[in-house]
Amino acid sequence: MNDRYVSPLSERYASREMQYIFSPDMKFKTWRRLWIALAETEKELGLPITQEQIDELKAHAEEINYEVAKERERIVRHDVMSHVYAYGQQCPKAKGIIHLGATSCYVGDNTDIIIMREALKLVRKKLLNVMAELAKFADTYKDQPTLAFTHFQPAQPTTVGKRATLWLQELCLDLEDLDHVLNSLKLLGSKGTTGTQASFLELFDGDHEKCRRADEMIAEKMGFSQCYPVSGQTYSRKVDTRVINVLAGIAQSAHKFSNDIRLLQHLKEVEEPFEKTQIGSSAMAYKRNPMRSERIASLSNYVMADVINPMLVASTQWFERTLDDSANKRLSVPEGFLAVDGILDLYLNVVDGLVVYPKVIEKHMMAELPFMATENIMMDAVKAGGDRQELHERIRTLSMEAGKNVKEKGLDNNLLELIAADPAFGLSLEELKKTMDPSRYVGRAPRQVEEFLQEVVNPILKANEQDLGMKAEINV
């Protein structure tokens, strides 16, 4: 296999579980389940189909004779009819009733919906596990003060845990979107060549109610509550757009997280996992590159760009159907899912192994905190009898001087020393240093973490605890 292209999504990034969902086995076994559901429904609605024929179909449902189907497709150039033929070779008694009244989209489109539903369930499970790990991280570090940044410039302090809730909240939004789309998926059902069910109306001797019941019964047999009420030959391709939009939303959230981790790793405040034998650079042996976070960003870009594919497909379908969707769907939908699967495995792996360096965080905090504490210092000086307007101007001037010392001379921040030396403030250096407790400046951050976890995240995790406990292994 080294002499042909192999997708990195299957070789490097996606899990075996997600790969199986989009495998030929999953696809063609689902086709056969749909043919069995169709035959059972037609028998139950009065067509002359025997239980012996259905039993024969069931006996060979898992035994896909691929070579027979491939050889037949070389002759007829039609994948569905090739598999009808191959199934018929195994089931001579049922051969004449396989696919009765149906068009290719009966198996093709219904299978696509079934596969996307299974893939969304796996994405949902992994998303929940990432949320659970982030919740643990947020709770652990809810009280750890850290510099917050706006425009990547030092701003009013927050806590490490509070920052993690920002990542977590975005995943909560993604879960809401995912659940909406997952719960709204319906089967195409048995709609016929242009969506009119004309062939089934003929089979059932003009009985409209039996045509309606056929859709309902097939949906129930395949684990769905409903079929789309109207369609052309295919289900609306906007369904694919909605699904890929959910994946792109997860990619957006993961990319934002990966950006923050990469910046924090540059600051040496937080690092992603780095294995003992891992090499960061072929030239610079000391380097610890954030390769997992970079890979999250790279795959996320791919998924976000993938959104345009189902949009183009949905917007350019002609009337009841054209076939210019087929090749695109075969690529864009599976690869979108495989990429998100890899993203979530990486996300879980990174969060599970995040390393926090409190001493570095404190060092960076203390270098900036004097500037941020100036309002408190000014208020203390006013309480001691100072003039607020005069003190404000003095602090502004001294802050500019301290900033110049840091930026132009490379010195430590000496703002506290400058204030202590200014008699207008009447405060000693010891008194000023007492104001330098970072926890005084984080506002409600620790409480916000507690409230968010208790009121929003923990109820979600509690309701889905049967899906938790996953560990992510990355391939390369």
Name the single residue that is surrounded by the fewest Cβ atoms within 10 Å (Cβ to Cβ) among those in region 38-49 being in a helix (DSSP H, G or I) and of a type outside the set (Lys, Arg). Glu44
For residues that are in a loop (DSSP other than H, G, I, E, B) and over 30 Å from Ser293 (Cβ atoms), scanning just region 1-37, find the one that is modelled with the lowest pLDDT. Met1
What do you reckon, is Lys256 over 32 Å from the mean Cα position of the chain (by Cα) and either modelled with pLDDT of 95 or more or within 30 Å of Leu312 (Cα to Cα) (or both)? no
Neighbours by Cβ (under 7 Å, 6+ apart or cross-chain): first from region 145-172, without any contact (Cβ under 8 Å) to a residue 24 or more places away in the chain; second polar (S, T, N, Q) and assigned to a strand (DSSP E or B): Ala148/Gln156; Ala148/Thr158
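Rundown of residues vs (1) over 15 Å from Asp260 (Cα atoms); (2) assigned by TED's automatic domain parsing to the domain that holds Leu264; (3) out of contact with any His (no Cβ under 6 Å at 6 or more places or on another chain); (4) in a helix (DSSP H, G or I), yes/no style:
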| site | (1), (2), (3), (4) |
| --- | --- |
| Lys136 | yes, yes, yes, yes |
| Leu147 | no, yes, no, no |
| Leu168 | no, yes, yes, yes |
| Cys172 | yes, yes, yes, yes |
| Asp179 | yes, yes, yes, yes |
Which of the residues belonging to region 78-120 are among the β-branched types (Val, Ile, Thr) and within 15 Å of Lys29 (Cα to Cα)? Val80, Val84, Ile98, Val107, Thr111, Ile113, Ile114, Ile115
Can Leu461 be described as surrounded by 12 or more Cβ atoms within 10 Å (Cβ to Cβ), assigned to a helix (DSSP H, G or I) and more than 36 Å from the chain's Cα centre (by Cα)? no
Do we find a residue being closer than 19 Å to Ala155 by Cα, outside the structural domain of Ile296 (by TED's automatic domain parsing) and surrounded by 14 or more Cβ atoms within 10 Å (Cβ to Cβ) anywhere in region 421-431? no
Restricting to region 432-446, count the residues that are surrounded by fewer than 13 Cβ atoms within 10 Å (Cβ to Cβ) and not in a helix (DSSP H, G or I). 3
Determine whether region 349-364 contains at least one residue that is in contact with a helix residue (DSSP H, G or I) (Cβ under 6 Å, 6 or more places away or on another chain) and hydroxyl-bearing (Ser, Thr, Tyr). no
I need the full set of residues from region 355-373 which are of a type in the set (A, V, I, L, M, F, W, C) and either in a helix (DSSP H, G or I) or farther than 18 Å from Ala155 by Cβ (or both), in order please. Val355, Val356, Val360, Ile361, Met365, Met366, Ala367, Leu369, Phe371, Met372
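The values are calculated or read from the model by the stated rules, or taken from the named source; none is laboratory data. In this text, all values refer to a predicted model and were calculated from it rather than measured experimentally. Note: ideal-geometry Cβ built from the backbone for every residue, glycine included; neighbour counts use all protein chains shown.
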